[in-house]
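Here, each number is a calculation from the coordinates, and none is a lab measurement. Just so it is clear, the model here is predicted, and its values are computed rather than measured. Note: ideal-geometry Cβ built from the backbone for every residue, glycine included; neighbour counts use all protein chains shown.
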Amino acid sequence: MSTIKRRKAVKKLMNLFGGMSLPFTSPSSVLKSTMINSPTTFGVQLFTIPSMVDRDLEGTLKIIAEIGYRQVEFFGPYPFSDPTTIARWEGLKSQLGLNNNAFYGYTPDEVASMLDNYGLQAPSFHVDLPTLRNHLDRMAKELAKLKARYLVLPAVMESRESLSDYQKLASEFNEIGKKLAAFGMKLVYHNHGYEHSIKSGKVPFEVLLAETDPAFVQFELDVFWMKAARAEPVEYLQKYTGRFVMMHLKDAEDPFVFSGDGGTPDQWMAGFPKMADPGDGVYDIEGMLRAGKASGVQYFFLERDLAPSPMDTLSNSFINLSSMI
C-alpha cells in the first residue's frame, strides 16, 4: 500500500471509531491495527497547543503520549527566566489565550515525574537570550532535572541590521555554548526567516552556520519559516550535514512567503492562518524528513503554531508523519 493510500486508510478507520470524540486511548491502538510502523519517533513543540498545556499540563502530556509521540519541546518563559522576558510575555499572554507561564504551576521535578510516567522525553527547551546571558547557571541546573540536552534560542529580538551583528551573535553563541557544555548541554539556534535577508552580500544564516563551533552550537530547522524566507530546507540539510539536530515540521495550505524580510512578529503572525498539518499541505514534508534523517537530525517536532483545532492537529499530524518514514 502506498504512503498516501495508507494514510487515508488510517484516517478513515479513525473516523469509523468516532474520531476525535473518543478518549485518547484509541488513536495509538487504531494506528497499530493499521500496521503503520514508523522507524522514526516524533515529538510536539508545545506552542502547537499552548492553551491545552496552560489548562492541564499533565492531561495534555497523557494525550500526547497515548497518540504515540515520544518527545515534547517546552516554550517559556519559566520561573527562572530573566525578568525582562517574563514582563514581555505578560503583554502577549492574553493574545495567546494563556494565563500561566511554564511550568504551569509545577516544579521541574514534578514535570520530570510526569514525563517519566508517560514515557516521554523533553530533550530541548526554547529559551531566550537575556536568560542565557544573565541566568545561565540557574536555568541549566533547573532544566538538568528534566534531562535537557539542548537549549534552543527561537529568535533574536534585538539588533540584527548588519552582517557584523550576526558575526557578534555567532561569537556570543560560541561562548554560551561553552558554558552550557559544563552541564552536558548544547546551544541551538532556530531559524525564523530574517536570517536569509542578504547583508553585505552574504546570507546571515550561513554566517551563523560557518562561524559557530559544532562542538557547542547546533541548529533547529523550521521548514515553514525557511520556505517563507524563500530558502529551501532540503538544500540546507544537504549542504550542512550534521549541523541540524532538530526540525520543526509544519505545512502550508498554499506557499507562503514574507511580505518583507521576515524580521517582525506581524510578518510571522501573518503566516499562522496559512499553516496546515504536516502532510496536508503543499510542501514536500516527506522529502524534508528524508533529508533530515540523512543529515543527522535527531528529533522531529510537530509545530503548527497556535493550531486552531489542537486535538485534530495532534492526531492527524501523527498519522501523516508516521506514514512517511
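For Cα pairs less than 8 Å apart in space and 6+ apart in sequence, what is the mean separation divided by the residue count of segment 99-158, i.e. the relative contact order in percent?
43
For the chain, set up a Gaussian network in which alpha carbons nearer than 10 Å are linked by springs, and say which option among Leu61, Leu169, Leu221 fluctuates the most.
Leu169
With a/c under 1.5 counting as rounded, go ahead and sort segment 43-119 into rounded, prolate or oblate using the C-alpha gyration tensor (a ≥ b ≥ c being the square roots of the eigenvalues; past the cut-off, prolate if a/b is larger than b/c, else oblate).
prolate
Please give the calculated 222 nm ellipticity per residue for the chain, where each DSSP H segment of at least 4 residues contributes -39500 (n - 2.57) and the sum is spread over every residue; nearest 500 deg cm²/dmol?
That comes out to -13500 deg cm²/dmol.
Tell me, in nm to one decimal, what length is gained between Ala215 and Arg133 on full extension, where the rule is 0.36 nm per residue of separation less the Cα-Cα distance?
27.6 nm is the gain from fully extending Ala215 to Arg133.
What does the charge dipole of the chain about its Cα centre add up to, to the nearest 20 debye, if the Cβ of each Lys and Arg holds +1 and the Cβ of each Asp and Glu holds -1?
Dipole about the Cα centre, nearest 20: 940 debye.
What whole-number distance in Å separates the alpha-carbon centres of segment 103-117 and segment 244-311?
Cα centroid to Cα centroid, the span is 28 Å.
In nm, to one decimal, how far is the modelled label at Lys178 from the one at Arg290, with both set 7 Å along Cα→Cβ?
That separation, rounded to one decimal, is 4.2 nm.
Using Cα-Cα distances under 8 Å and only pairs 6 or more residues apart, what relative contact order does the chain have, in percent?
20
Along Cα→Cβ, 7 Å out, is where each label goes; now give me the distance between the ones at Thr40 and Asp261 in nm to one decimal.
3.3
Report the gain in length on full extension from Ser200 to Ala144: 0.36 nm times residue separation, minus Cα-Cα distance, nm rounded to one decimal.
16.2 nm
Counting pairs of Cα atoms in segment 203-256, how many percent are more than 19 Å apart?
Result for the distance tail: 26 percent.
What percent do you get for the relative contact order of segment 97-250 when only Cα pairs under 8 Å and 6+ apart count?
19 percent.
Once the dipole of the chain is set up with Lys and Arg at +1 and Asp and Glu at -1 on Cβ about the Cα centre, which of Gly193, Asn134, Leu321 lies farthest towards its positive end?
With unit charges placed on the Cβ atoms, the residue in question is Leu321.
Please give the length that would be gained between Leu96 and Asp56 if that part of the chain were fully extended, namely 0.36 nm times their separation in residues minus their C-alpha to C-alpha distance (nm, one decimal).
12.8 nm
In Å, what is the Rg of the alpha-carbon atoms in segment 200-310, and how long is Dmax?
For segment 200-310, the Cα radius of gyration and maximum Cα-Cα distance read 14.0, 43 Å.
What GluC sites (Glu not before Pro) does segment 70-158 have in DSSP loop regions with at most 10 other beta carbons within 10 Å?
When the GluC sites (Glu not before Pro) of segment 70-158 are filtered for loop state and at most 10 Cβ neighbours within 10 Å, Glu158 remain.
Would you mind telling me the antiparallel percentage of the DSSP bridges in the chain, rounded to 5?
In the chain, approximately 10 percent of DSSP beta bridges are antiparallel ones.
Show me the three semi-axes of the equivalent ellipsoid for the chain, from the C-alpha gyration tensor (sqrt of 5 times each eigenvalue), largest first, rounded to whole Å.
Ellipsoid semi-axes (Å, largest first): 30, 24, 18.
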